[in-house]
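Everything on this sheet refers to the single structure shown next.
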Amino acid sequence: MTIQWFPGHMAAARKKAAETMAQVDVVIEVLDARCPEASSNPMIRELRLARQRPCLSLLNKADLADPDATKSWLAFYNAQPGVKAVAISCKKAGDAAKVPSLCQSLAPHRNDGTKPLRMMIMGIPNVGKSTLLNALAKKRVAAVGDEPAVTKQQQRIDLSPRQILFDTPGLMWPKIEHDSDGYMLAASHAIGVNAVIEEEVATFLAGLLLARYADRLAARYGIVTAGLDAPGVIEGVAKKRGCMIKGSGGEYDREKASLVLLTDYRSGALGRISLETPETRAAMLAAATPQSC
(Lines give C-alpha, C1' and ligand atoms only; values in the text may rest on other atoms or scores of the structure.)
Protein backbone atom coordinates (compact mmCIF):
# COMPACT_ATOMS: atom_id res chain seq x y z
CA MET A 1 0.00 0.00 0.00
CA THR A 2 1.27 3.47 -0.95
CA ILE A 3 -0.08 6.11 1.42
CA GLN A 4 -0.99 9.52 0.00
CA TRP A 5 -3.20 12.15 1.64
CA PHE A 6 -3.70 15.72 0.41
CA PRO A 7 -7.24 16.98 1.22
CA GLY A 8 -8.54 19.81 -0.96
CA HIS A 9 -8.31 22.55 1.66
CA MET A 10 -4.55 22.07 1.94
CA ALA A 11 -3.78 23.53 -1.49
CA ALA A 12 -5.50 26.78 -0.50
CA ALA A 13 -3.79 26.67 2.90
CA ARG A 14 -0.38 26.36 1.25
CA LYS A 15 -1.06 29.42 -0.92
CA LYS A 16 -2.18 31.45 2.09
CA ALA A 17 0.86 30.32 4.09
CA ALA A 18 3.19 31.46 1.31
CA GLU A 19 1.56 34.91 1.36
CA THR A 20 1.76 35.23 5.14
CA MET A 21 5.37 34.09 5.29
CA ALA A 22 6.38 37.31 3.56
CA GLN A 23 5.24 39.13 6.72
CA VAL A 24 6.84 36.94 9.41
CA ASP A 25 10.27 36.92 11.04
CA VAL A 26 10.51 33.32 12.26
CA VAL A 27 8.92 30.05 11.16
CA ILE A 28 8.06 27.61 13.94
CA GLU A 29 7.88 24.11 12.47
CA VAL A 30 6.32 21.59 14.83
CA LEU A 31 7.62 18.07 14.22
CA ASP A 32 6.74 14.71 15.75
CA ALA A 33 9.79 13.80 17.85
CA ARG A 34 9.18 10.10 17.13
CA CYS A 35 9.70 10.62 13.36
CA PRO A 36 11.05 14.16 12.82
CA GLU A 37 12.13 13.94 9.20
CA ALA A 38 9.14 11.88 8.11
CA SER A 39 6.94 14.57 9.68
CA SER A 40 8.86 17.50 8.18
CA ASN A 41 6.93 18.93 5.23
CA PRO A 42 9.34 19.67 2.34
CA MET A 43 7.01 22.46 1.18
CA ILE A 44 7.58 24.31 4.46
CA ARG A 45 11.33 24.13 4.03
CA GLU A 46 10.98 25.29 0.43
CA LEU A 47 8.82 28.27 1.41
CA ARG A 48 10.98 29.45 4.29
CA LEU A 49 14.24 29.11 2.34
CA ALA A 50 12.75 31.08 -0.54
CA ARG A 51 11.99 33.87 1.96
CA GLN A 52 15.23 33.30 3.89
CA ARG A 53 13.39 32.88 7.18
CA PRO A 54 15.04 31.23 10.19
CA CYS A 55 13.31 28.19 11.65
CA LEU A 56 12.62 27.04 15.18
CA SER A 57 12.18 23.26 14.90
CA LEU A 58 10.12 21.96 17.79
CA LEU A 59 10.41 18.22 18.31
CA ASN A 60 7.05 17.84 20.01
CA LYS A 61 5.82 14.77 21.88
CA ALA A 62 9.37 14.29 23.10
CA ASP A 63 7.90 12.60 26.18
CA LEU A 64 6.80 9.76 23.87
CA ALA A 65 10.06 9.50 21.91
CA ASP A 66 13.26 7.56 22.62
CA PRO A 67 15.49 10.13 24.41
CA ASP A 68 18.66 8.84 22.76
CA ALA A 69 17.15 9.22 19.30
CA THR A 70 15.87 12.70 20.18
CA LYS A 71 19.35 13.74 21.28
CA SER A 72 20.70 12.65 17.90
CA TRP A 73 17.96 14.51 16.06
CA LEU A 74 18.65 17.73 17.98
CA ALA A 75 22.30 17.55 16.92
CA PHE A 76 21.18 16.88 13.34
CA TYR A 77 18.92 19.95 13.14
CA ASN A 78 21.10 22.30 15.14
CA ALA A 79 23.93 21.71 12.68
CA GLN A 80 21.79 23.24 9.91
CA PRO A 81 22.17 26.97 9.14
CA GLY A 82 19.33 29.17 10.29
CA VAL A 83 17.78 26.41 12.37
CA LYS A 84 17.42 26.03 16.13
CA ALA A 85 15.91 22.79 17.41
CA VAL A 86 14.53 21.96 20.85
CA ALA A 87 12.62 18.98 22.23
CA ILE A 88 9.36 19.79 23.99
CA SER A 89 5.96 18.54 25.00
CA CYS A 90 3.38 21.14 24.07
CA LYS A 91 1.13 19.82 26.83
CA LYS A 92 3.65 21.13 29.37
CA ALA A 93 3.07 24.85 29.91
CA GLY A 94 6.70 25.42 30.85
CA ASP A 95 7.92 23.97 27.56
CA ALA A 96 5.54 26.06 25.48
CA ALA A 97 6.45 29.22 27.39
CA LYS A 98 10.04 29.01 26.09
CA VAL A 99 9.01 29.36 22.45
CA PRO A 100 8.74 33.17 22.09
CA SER A 101 12.17 33.80 23.59
CA LEU A 102 13.67 31.11 21.36
CA CYS A 103 12.11 32.81 18.36
CA GLN A 104 13.43 36.16 19.56
CA SER A 105 16.96 34.74 19.56
CA LEU A 106 16.52 33.87 15.88
CA ALA A 107 15.34 37.39 15.03
CA PRO A 108 17.48 39.77 17.16
CA HIS A 109 16.55 42.70 14.90
CA ARG A 110 13.02 42.53 16.37
CA ASN A 111 14.31 43.38 19.82
CA ASP A 112 14.72 47.11 19.17
CA GLY A 113 11.16 48.14 20.05
CA THR A 114 10.21 49.35 16.56
CA LYS A 115 8.18 46.40 15.28
CA PRO A 116 6.70 43.33 16.97
CA LEU A 117 8.17 39.87 16.57
CA ARG A 118 6.04 37.98 14.05
CA MET A 119 6.01 34.19 14.31
CA MET A 120 4.28 31.56 12.21
CA ILE A 121 3.41 28.04 13.40
CA MET A 122 3.57 25.41 10.68
CA GLY A 123 3.60 21.63 10.48
CA ILE A 124 1.74 18.58 9.28
CA PRO A 125 -1.61 17.60 10.83
CA ASN A 126 -1.88 16.30 14.38
CA VAL A 127 1.63 17.15 15.59
CA GLY A 128 0.42 19.51 18.32
CA LYS A 129 0.27 22.95 16.68
CA SER A 130 -3.12 23.84 18.18
CA THR A 131 -2.06 22.65 21.63
CA LEU A 132 1.02 24.86 21.38
CA LEU A 133 -1.04 27.85 20.22
CA ASN A 134 -3.50 27.50 23.10
CA ALA A 135 -0.63 27.24 25.58
CA LEU A 136 1.03 30.37 24.19
CA ALA A 137 -2.23 32.32 24.10
CA LYS A 138 -3.13 31.02 27.58
CA LYS A 139 -6.66 30.37 26.40
CA ARG A 140 -8.48 28.15 23.93
CA VAL A 141 -8.11 29.83 20.54
CA ALA A 142 -7.71 26.70 18.40
CA ALA A 143 -9.66 23.45 18.26
CA VAL A 144 -7.74 20.44 19.52
CA GLY A 145 -8.56 16.86 18.60
CA ASP A 146 -6.93 13.48 18.24
CA GLU A 147 -7.68 13.49 14.53
CA PRO A 148 -5.59 15.04 11.76
CA ALA A 149 -6.68 18.21 9.95
CA VAL A 150 -8.83 19.69 12.74
CA THR A 151 -7.62 23.24 11.91
CA LYS A 152 -8.60 24.37 8.41
CA GLN A 153 -8.21 28.17 8.51
CA GLN A 154 -5.26 30.42 9.24
CA GLN A 155 -5.61 32.81 12.17
CA ARG A 156 -3.63 35.61 13.80
CA ILE A 157 -3.16 35.86 17.56
CA ASP A 158 -1.64 38.91 19.26
CA LEU A 159 0.19 37.38 22.20
CA SER A 160 1.29 40.85 23.36
CA PRO A 161 1.96 44.26 21.80
CA ARG A 162 5.43 42.91 21.01
CA GLN A 163 4.55 39.41 19.74
CA ILE A 164 2.26 38.30 16.93
CA LEU A 165 1.60 34.66 16.11
CA PHE A 166 0.07 33.22 12.94
CA ASP A 167 -1.40 29.73 13.16
CA THR A 168 -1.74 27.68 9.98
CA PRO A 169 -3.69 24.52 9.19
CA GLY A 170 -1.80 21.25 9.11
CA LEU A 171 -0.12 20.96 5.74
CA MET A 172 0.71 17.75 3.95
CA TRP A 173 2.45 17.71 0.59
CA PRO A 174 1.01 16.33 -2.67
CA LYS A 175 3.19 13.22 -2.91
CA ILE A 176 4.93 11.31 -0.12
CA GLU A 177 8.10 10.17 -1.81
CA HIS A 178 9.09 7.31 0.49
CA ASP A 179 6.60 4.59 1.44
CA SER A 180 8.14 4.22 4.90
CA ASP A 181 7.41 7.90 5.60
CA GLY A 182 3.75 7.32 4.82
CA TYR A 183 3.64 4.36 7.19
CA MET A 184 5.41 6.27 9.97
CA LEU A 185 2.99 9.18 9.59
CA ALA A 186 -0.02 6.87 9.55
CA ALA A 187 1.24 4.99 12.62
CA SER A 188 1.68 8.34 14.40
CA HIS A 189 -1.88 9.39 13.45
CA ALA A 190 -0.91 12.26 11.12
CA ILE A 191 -2.90 10.90 8.18
CA GLY A 192 -6.66 10.52 7.93
CA VAL A 193 -7.90 6.99 8.57
CA ASN A 194 -9.74 6.90 5.25
CA ALA A 195 -6.39 7.02 3.44
CA VAL A 196 -4.86 3.98 5.16
CA ILE A 197 -5.44 0.30 5.87
CA GLU A 198 -4.71 0.11 9.56
CA GLU A 199 -3.71 -3.56 9.56
CA GLU A 200 -0.98 -2.79 7.02
CA VAL A 201 0.20 0.19 9.07
CA ALA A 202 0.25 -1.93 12.23
CA THR A 203 2.20 -4.65 10.42
CA PHE A 204 4.81 -2.07 9.38
CA LEU A 205 4.99 -0.81 12.97
CA ALA A 206 5.28 -4.36 14.31
CA GLY A 207 8.24 -5.04 12.03
CA LEU A 208 9.99 -1.89 13.15
CA LEU A 209 9.35 -2.66 16.81
CA LEU A 210 10.67 -6.19 16.37
CA ALA A 211 13.90 -4.80 14.95
CA ARG A 212 14.47 -2.07 17.54
CA TYR A 213 12.20 -2.49 20.55
CA ALA A 214 11.41 -6.20 20.81
CA ASP A 215 11.71 -5.99 24.60
CA ARG A 216 8.82 -3.50 24.69
CA LEU A 217 6.58 -5.93 22.78
CA ALA A 218 7.48 -8.74 25.15
CA ALA A 219 6.87 -6.59 28.22
CA ARG A 220 3.57 -5.15 27.03
CA TYR A 221 1.93 -8.24 25.56
CA GLY A 222 3.79 -11.12 27.17
CA ILE A 223 4.76 -12.63 23.84
CA VAL A 224 8.00 -14.35 22.92
CA THR A 225 9.43 -12.32 20.05
CA ALA A 226 12.27 -14.64 19.06
CA GLY A 227 11.53 -16.07 15.62
CA LEU A 228 8.43 -13.92 15.12
CA ASP A 229 7.77 -11.87 12.00
CA ALA A 230 5.56 -8.76 11.84
CA PRO A 231 2.28 -10.62 11.09
CA GLY A 232 3.16 -12.95 13.93
CA VAL A 233 3.30 -9.97 16.30
CA ILE A 234 -0.23 -8.94 15.30
CA GLU A 235 -1.42 -12.50 15.88
CA GLY A 236 0.37 -12.58 19.23
CA VAL A 237 -1.36 -9.38 20.31
CA ALA A 238 -4.70 -10.80 19.20
CA LYS A 239 -4.12 -13.97 21.21
CA LYS A 240 -3.01 -12.19 24.38
CA ARG A 241 -5.79 -9.59 24.22
CA GLY A 242 -8.55 -11.99 23.23
CA CYS A 243 -9.19 -10.35 19.86
CA MET A 244 -11.38 -12.97 18.19
CA ILE A 245 -13.90 -12.74 15.37
CA LYS A 246 -17.30 -13.69 16.75
CA GLY A 247 -18.77 -16.82 15.28
CA SER A 248 -15.60 -17.65 13.37
CA GLY A 249 -14.66 -20.72 15.37
CA GLY A 250 -11.54 -19.19 16.88
CA GLU A 251 -10.22 -16.95 14.10
CA TYR A 252 -8.14 -14.03 15.35
CA ASP A 253 -9.43 -10.50 14.74
CA ARG A 254 -6.30 -9.01 13.19
CA GLU A 255 -7.96 -5.66 12.57
CA LYS A 256 -8.85 -5.24 16.22
CA ALA A 257 -5.37 -6.37 17.31
CA SER A 258 -3.85 -3.88 14.87
CA LEU A 259 -5.79 -1.06 16.54
CA VAL A 260 -4.56 -2.23 19.94
CA LEU A 261 -0.93 -2.05 18.79
CA LEU A 262 -1.36 1.35 17.11
CA THR A 263 -3.19 2.82 20.10
CA ASP A 264 -0.53 1.55 22.52
CA TYR A 265 2.22 3.12 20.39
CA ARG A 266 0.41 6.43 20.00
CA SER A 267 -0.43 6.75 23.69
CA GLY A 268 3.03 5.81 24.93
CA ALA A 269 1.82 2.59 26.55
CA LEU A 270 4.64 0.74 24.77
CA GLY A 271 7.20 3.13 26.23
CA ARG A 272 9.26 5.87 24.63
CA ILE A 273 9.76 4.86 21.01
CA SER A 274 11.25 6.59 17.96
CA LEU A 275 10.49 5.27 14.50
CA GLU A 276 13.59 6.77 12.91
CA THR A 277 17.02 8.12 13.81
CA PRO A 278 19.42 10.18 11.68
CA GLU A 279 21.29 6.94 10.97
CA THR A 280 18.24 4.92 9.89
CA ARG A 281 17.09 7.90 7.83
CA ALA A 282 20.41 8.11 6.02
CA ALA A 283 20.35 4.37 5.34
CA MET A 284 16.80 4.57 3.97
CA LEU A 285 17.69 7.46 1.66
CA ALA A 286 20.84 5.69 0.48
CA ALA A 287 18.85 2.54 -0.32
CA ALA A 288 16.24 4.60 -2.20
CA THR A 289 18.82 6.44 -4.32
CA PRO A 290 19.57 4.76 -7.67
CA GLN A 291 23.21 3.74 -7.83
CA SER A 292 25.13 4.93 -10.89
CA CYS A 293 27.13 2.37 -12.83
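The values are calculated or read from the model by the stated rules, or taken from the named source; none is laboratory data. Fair warning: this is a prediction, and the values are worked out from it, not measured in the lab. Glycine also receives a Cβ, built like all others from the backbone with ideal geometry; neighbour counts cover every protein chain displayed. Ligands, DNA and RNA are stripped out before the accessible areas are found, and what is left, the full protein with its side chains, is counted by its heavy atoms. Shrake-Rupley method; radii C 1.70, N 1.55, O 1.52, S 1.80 Å.
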**Complete:** For the chain the mean separation of alpha carbon contacts under 8 Å (6+ apart) over residue count, i.e. relative contact order in percent, is 21 percent
**Asked** Can you give the longest stretch of the chain with no exposed loop site, where a site means GluC sites (Glu not before Pro) in a DSSP loop (not H, G, I, E or B) with at most 12 other C-beta atoms within 10 Å?
**Response** 1-176
**Request:** Mind pulling the angle between the C-alpha long axis of helix 254-267 and the longest principal axis of the chain? Nearest 10 degrees, somewhere in 0 to 90.
**Result:** 40 degrees
**Prompt:** Can you list residues whose amide H is under 5 Å from residue 274's amide H, if they're 5+ apart or on another chain and H is modeled 1.01 Å from N?
**Reply:** 66
**Request:** Report, in debye and to the nearest 20, how large the dipole of the chain comes out about its Cα centre when Lys and Arg carry +1 and Asp and Glu carry -1 on their Cβ.
**Result:** 1240 debye
**Prompt:** Can you tell me the accessible area per residue over the chain, all protein chains present, probe 1.4 angstrom, in square angstrom?
**Reply:** 46 Å²
**Asked** Counting only residues 5 or more places away or on other chains, whose amide H sits under 5 Å from the amide H of residue 122 once H atoms are built in the peptide plane?
**Response** 28, 29, 30
**Request:** Report the trypsin sites (Lys or Arg not before Pro) located in the range 219-293 that are in a DSSP loop and have at most 16 other Cβ atoms inside 10 Å of their Cβ, or state none.
**Result:** 246
**Prompt:** Among 135, 38, 265, which residue has its Cα positioned farthest towards the positive end of the charge dipole of the chain, with +1 placed on the Cβ of Lys and Arg, -1 on the Cβ of Asp and Glu, and the dipole taken about the Cα centre?
**Reply:** 135
**Asked** Hey, what do the phi angles of the range 181-191 turn into as Karplus ³J(HN,Hα) couplings, whole Hz, using 6.51/-1.76/1.60 and θ = phi - 60°, x for Gly and Pro?
**Response** 5, x, 5, 5, 5, 5, 4, 8, 6, 9, 10
**Message:** Using each residue's phi in the range 114-124, evaluate 6.51 cos²θ - 1.76 cosθ + 1.60 at θ = phi - 60° and report the 3J(HN,Hα) Karplus result to the nearest Hz, with x for Gly and Pro.
**Reply:** 8, 9, x, 6, 10, 10, 9, 8, 9, x, 6
**Request:** Under a cut-off of 17 Å between alpha-carbon atoms, report the lysines in cross-link reach of residue 239, not counting same-chain residues fewer than 8 places apart.
**Result:** 256
**Prompt:** Hey, any idea what % of the chain's accessible area is carbon plus sulfur with a 1.4 Å probe?
**Reply:** 53 percent
**Item:** trypsin sites (Lys or Arg not before Pro) lying in DSSP loop within the range 46-150, provided at most 16 other Cβ fall within 10 Å
**Value:** 51, 91, 92, 98, 138, 139, 140
**For the range 237-252, Karplus couplings with θ = phi - 60° (6.51, -1.76, 1.60), whole Hz, Gly/Pro x** = 5, 4, 5, 5, 9, x, 7, 10, 7, 4, x, 9, x, x, 7, 6
**Asked** Which angle between 0 and 90 degrees, to the nearest 10, do you get for helix 9-21 versus the longest principal axis of the chain when only C-alpha atoms count?
**Response** 30 degrees
**Request:** Return the Cα extents of the chain along principal axes one, two and three, sorted largest first, each rounded to a whole Å.
**Result:** 73, 53, 35
**Prompt:** Can you give me the pair-distance distribution of the range 227-288, C-alpha pairs, 10 Å bins, whole percents?
**Reply:** 20, 34, 29, 13, 4
**Request:** With r as the distance between the Cβ atoms of residue 155 and residue 18 and R0 = 25 Å, compute the FRET efficiency 1/(1 + (r/R0)^6) and round to 0.05.
**Result:** 0.90
